[in-house]
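Enquirer: For reference, the structure I am asking about is given below.
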Amino acid sequence: MCNNVQKLVPMSNPFLSPSTLDYNLPPFASIEDEHYLPAFDAGFAEHMEQIDAITGSAEEPSFENTVVALERAGSTLDRVSRVFFSNSVSHATAAIQELEQLIAPRLAEHEDNIKLNRALFDRLRRVSTEGLDDESVRLVEEYVSSFVRAGAELDDDAQATLRALNSTLSALSTEFSQKLLKDTNASALLLDSAEELDGLSPDAISAAATAAGDAGHDGKYLLTLILPTAQPALELLTNREVRRRLHEASVHRGARGNDSDTLAIATRMTTLRAERASLLGFDSHAAAATDSQTAPSLEAIMDRMRDLAAPAVRNARAEAAELEAEAGHPVEPWDWAFYAARVRRARFDVDLDALRPYFELERVIDDGIFYAAHRLYGLSFTERPDLVGYHPDVRVWEVFNEDGSGLGLFLGDYYTRDTKSGGAWMNSFVDQSALEGTRAVVINNLDISRPAPNEPTLLSYDQVVTAFHEFGHALHGLFSDVTYPLFAGTSVPRDFVEYPSQVNEMWILWPEIVANYARHHETGEVLPQDVIDRIHAAGAWGEGFETTAYLGATLLDLAWHSIPAGTTIEDPLAFEAQALADAGVDFAPVPPRYRTSYFKHIFAGGYAASYYAYIWSEMLDADTVEWFKSSGGLTRQNGDHFRRELLARGNSVEPLQAFRSFRGRDADLTPLLVRRGLA
């Protein structure tokens, strides 16, 4: 660290030097809340000193003295940022939330100080790529293009306006996230008696009692909310009034007119993003956000989504007719999952909730997720209780290659809590980089309800899918084999990042894998093959609902971010309704997966104008699944090929070129259409 920066904070601050723990795991046991702000101060100062050294050099700009120097700069800021912003979603205590309100705008300002630095941009443009290897050439090109997209070519007045917009948007994003967390906790459904939970399994009722007790409501039952619209308990609750109350608690989050209302924030963010896009020369934020993705254009994205919408809604309407025949009355949104489960049971003899005893968390992790990674990639996992995380719930595993060499660390944080955002995600504490000599440290977060003491953690089938999905992201980070940190792991375009994680879902019911982990937690009985066959047979049932709900959120995202600069939105809920109607996905029994007021992906999660990425990535995923099936399935040869040609490459090559190297051709849309019942 630079001498001037060392004077800013005591050397006891654990962020001021690289961690001495294995794989540079952050020293969580030594980190206190009071360390963050001084470390950010030091990190900002250190980074600017390093930038000034680059721009003040009398030497002609070169790859080493400019681009590599830029890649190496900012290590203190990187260390503290990764830990702090992981905690801001995983363990957002009151102290962390207060700090985030201070730090987020300052970080946005600092990033502008880098990307809008004319002297630095001038040096980058003058760096010669002659004689460089392909990854180094790509690094130069990516830096130059990212500076242009950030506004480096704007004049002074425009840059001043851009800085103000970025600062305000950063603060608003933090405010949206914090208000949503508060209102999600406040909207949990409190019930007086176990009878109101009729239909739920004993362990789920016990978890609801535990949640109520933790919230100070001993003797009652609390149904906490997950982030999407659809709440798992809706499939099981026999009391229609309780189902209605739970659904309405979900869809009214952030839109109840209280001090946690998020609608005004969302509206202001979209108008400011439109203004920023115009400043940068784009017609809309959607056009700006999709300019550097794998999709060829915003128009191509819109065309694809519209092409999928009509058949998806048609399928959903057909499903609704079947559900109404089963129910004997019109099906409301809170009825759909309940009667869909009944129809699934009647038609396919599949009761997904009855499978929970076969999906115990420890077995899913050790004998399912880790076992699949062992069979496919030769990995092994050793839990490291000597290494601690940021919360007692966090567990740490060391990951080894087949030859016994260390690959990295995997952390798991599986249980929900009031300080944790809903949903599931992967973060990286340390990126792999040959330049820095680092190996990956990654974490998966899930939101599983904690069982009562001494009871097993039993997962729903959907939670098993989520666990495999998020571990696919973890593998993408762990397998990274690049030189430069900018390209490491999941640092790929947004509409490519979901692809490897979706592929990893294919192993959930693969014969050798499911037989190894899906065992009754009491009897040890293996999940019967005829049940697995019926799950496969029922796979396409409900895709009308799932695709329509997903496209509703996607097209809502694109509508919000396609508004031109100067647009005024007086009524955000009216705008939402009109957007869904205009897109042809306004089918009342199937609300969007996320409504505006709790659409954290786009207002506090980096997916603004990019929620389409899931289905865009799924085109690659579905084609890849077909490749695995036709190439022998779960073999080391197949795993090594996928790892070498795609997972290891990060963003060091153009992502679609990595796909072509793996697949031997461009992706075929047909497998996706078949999977979604849209062929």
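The values are calculated or read from the model by the stated rules, or taken from the named source; none is laboratory data. Just so you know, these numbers come straight off a predicted model, no measurement behind them. FYI the Cβ positions are ideal-geometry reconstructions off the backbone, even for glycines, and counts take in every protein chain you see.
Enquirer: Scan (1) outside any helix (DSSP H, G or I); (2) modelled with pLDDT of 95 or more; (3) touching a helix residue (DSSP H, G or I) at 6+ places or on another chain (Cβ under 6 Å) for the single condition VAL350 breaks and write down its number.
Expert: (2)
Enquirer: Determine if region 632-648 includes at least one residue that is out of contact with any helix residue (DSSP H, G or I) (no Cβ under 7 Å at 6 or more places or on another chain) and more than 24 Å from GLU512 (Cα to Cα).
Expert: Yes, the conditions are met somewhere in region 632-648.
Enquirer: Pairs under 6 Å by beta carbon, first residue touching a residue at least 60 places away in the same chain (Cβ under 8 Å) in region 268-280, partner crowded, with 24+ Cβ neighbours inside 10 Å and among the hydroxyl-bearing types (Ser, Thr, Tyr), six or more apart or different chains?
Expert: Between residues of region 268-280 that are touching a residue at least 60 places away in the same chain (Cβ under 8 Å) and residues that are crowded, with 24+ Cβ neighbours inside 10 Å and among the hydroxyl-bearing types (Ser, Thr, Tyr), there is no close pair.
Enquirer: A follow-up question, please. Restricting to region 486-495, count the residues that are surrounded by fewer than 23 Cβ atoms within 10 Å (Cβ to Cβ) and assigned to a helix (DSSP H, G or I).
Expert: 1
Enquirer: Can you name every residue in region 173-207 that is among the hydrophobic types (A, V, I, L, M, F, W, C), under 28 Å from LEU352 (Cβ atoms) and either under 19 Å from the mean Cα position of the chain (by Cα) or assigned to a helix (DSSP H, G or I) (or both)?
Expert: Listed by number, the residues that qualify are ALA194, LEU197, ALA204, ILE205, ALA207.
Enquirer: Let me ask something else. Where the second residue is part of a helix (DSSP H, G or I) and the first is without any contact (Cβ under 8 Å) to a residue 40 or more places away in the chain and lies in region 60-84, which pairs have Cβ atoms under 6 Å and are six or more apart or on separate chains?
Expert: That search, which allows pairs on different chains as well, returns ALA69/ILE54; ALA73/HIS47; ALA73/GLN50; GLY74/HIS47; LEU77/GLY43; LEU77/HIS47.
Enquirer: Now a separate question. Where the second residue is of a type in the set (Gly, Ala, Ser) and assigned to a loop (DSSP other than H, G, I, E, B) and the first is within 14 Å of ASP366 (Cα to Cα) and lies in region 451-464, which pairs have Cβ atoms under 6 Å and are six or more apart or on separate chains?
Expert: none
Enquirer: Out of all the residues in region 102-117, is one or more more than 27 Å from the chain's Cα centre (by Cα) and among the acidic types (Asp, Glu)?
Expert: no
Enquirer: Within region 472-485, take every residue that is of a type outside the set (Asp, Glu) and in a loop (DSSP other than H, G, I, E, B) and give me the one that is farthest from ARG375 (Cα to Cα).
Expert: So, considering only residues that are of a type outside the set (Asp, Glu) and in a loop (DSSP other than H, G, I, E, B), the one farthest from ARG375 (Cα to Cα) is TYR484.
Enquirer: Is there any pair linking a residue in region 153-171 that is outside the structural domain of PHE282 (by TED's automatic domain parsing) and touching a residue at least 60 places away in the same chain (Cβ under 8 Å) to one that is small (Gly, Ala, Ser) and part of a helix (DSSP H, G or I), with Cβ under 6 Å and at least six apart or on different chains, and which?
Expert: The qualifying pairs are ASN166/ALA108; SER167/ALA108; SER170/ALA104; SER170/ALA108.
Enquirer: Any residue at all in region 503-522 that's in contact with a helix residue (DSSP H, G or I) (Cβ under 7 Å, 6 or more places away or on another chain), within 30 Å of VAL140 (Cα to Cα), touching a residue at least 12 places away in the same chain (Cβ under 8 Å) and not basic (Lys, Arg)?
Expert: No: region 503-522 contains no residue that is in contact with a helix residue (DSSP H, G or I) (Cβ under 7 Å, 6 or more places away or on another chain), within 30 Å of VAL140 (Cα to Cα), touching a residue at least 12 places away in the same chain (Cβ under 8 Å) and not basic (Lys, Arg).
Enquirer: May I pose another question? Just name the residue that is farthest from the chain's Cα centre (by Cα) out of those in region 588-614 that are crowded, with 22+ Cβ neighbours inside 10 Å and aliphatic (A, V, I, L, M).
Expert: For region 588-614, the residue satisfying everything is VAL590.
Enquirer: What number of residues within region 646-661 are surrounded by 16 or more Cβ atoms within 10 Å (Cβ to Cβ) and either in the same structural domain as THR294 (by TED's automatic domain parsing) or within 20 Å of ASP431 (Cβ to Cβ) (or both)?
Expert: Qualifying residue count for the region: 10.
Enquirer: Mind listing whichever residues of region 399-422 are surrounded by fewer than 18 Cβ atoms within 10 Å (Cβ to Cβ) and touching a helix residue (DSSP H, G or I) at 6+ places or on another chain (Cβ under 9 Å)?
Expert: ASN401, GLU402, GLY406, ARG417, ASP418
Enquirer: Go through (1) crowded, with 21+ Cβ neighbours inside 10 Å; (2) among the polar types (S, T, N, Q); (3) in contact with an Asp or Glu (Cβ under 8 Å, 6 or more places away or on another chain) for THR238 and report which single condition fails.
Expert: It fails just one condition, (1).
Enquirer: Look at region 310-346 and say how many of its residues are farther than 24 Å from LEU580 by Cα, over 28 Å from the mean Cα position of the chain (by Cα) and surrounded by 21 or more Cβ atoms within 10 Å (Cβ to Cβ).
Expert: 1
Enquirer: Answer yes if at least one residue in region 105-121 is free of Cβ contacts under 8 Å to residues at least 40 places away in the same chain, exposed (fewer than 15 other Cβ atoms within 10 Å of the Cβ) and either out of contact with any Ser or Thr (no Cβ under 7 Å at 6 or more places or on another chain) or assigned by TED's automatic domain parsing to the domain that holds ALA604 (or both), and no otherwise.
Expert: The answer is yes, given that some residue of region 105-121 is free of Cβ contacts under 8 Å to residues at least 40 places away in the same chain, exposed (fewer than 15 other Cβ atoms within 10 Å of the Cβ) and either out of contact with any Ser or Thr (no Cβ under 7 Å at 6 or more places or on another chain) or assigned by TED's automatic domain parsing to the domain that holds ALA604 (or both).
Enquirer: Which of the residues that make up region 129-143 are under 13 Å from VAL68 (Cα atoms) and small (Gly, Ala, Ser)?
Expert: Scanning region 129-143 gives a single hit, SER136.
Enquirer: Sticking with this structure for a sec: Condition first: more than 25 Å from the chain's Cα centre (by Cα), of a type in the set (Lys, Arg) and within 17 Å of HIS110 (Cα to Cα). Now tell me which residues in region 138-170 satisfy that.
Expert: Hit for region 138-170 is ARG163, nothing else.
Enquirer: Suppose we filter SER145, SER206 for residues that are more than 30 Å from LEU279 (Cα to Cα), of a type in the set (Ser, Thr, Tyr) and surrounded by fewer than 21 Cβ atoms within 10 Å (Cβ to Cβ); which single one remains?
Expert: Unique residue meeting the criteria: SER206.
Enquirer: Among residues belonging to region 522-579 that are assigned to a helix (DSSP H, G or I) and β-branched (Val, Ile, Thr), point out the one that is farthest from ASP462 (Cα to Cα).
Expert: THR554
Enquirer: Assess whether ILE226 counts as being over 25 Å from the mean Cα position of the chain (by Cα) and under 17 Å from TYR415 (Cα atoms).
Expert: When the stated conditions are applied, ILE226 does not pass them.
Enquirer: Name the residues in region 208-253 that are touching a Pro at 6+ places or on another chain (Cβ under 8 Å) and in a loop (DSSP other than H, G, I, E, B), would you?
Expert: ILE226, THR229
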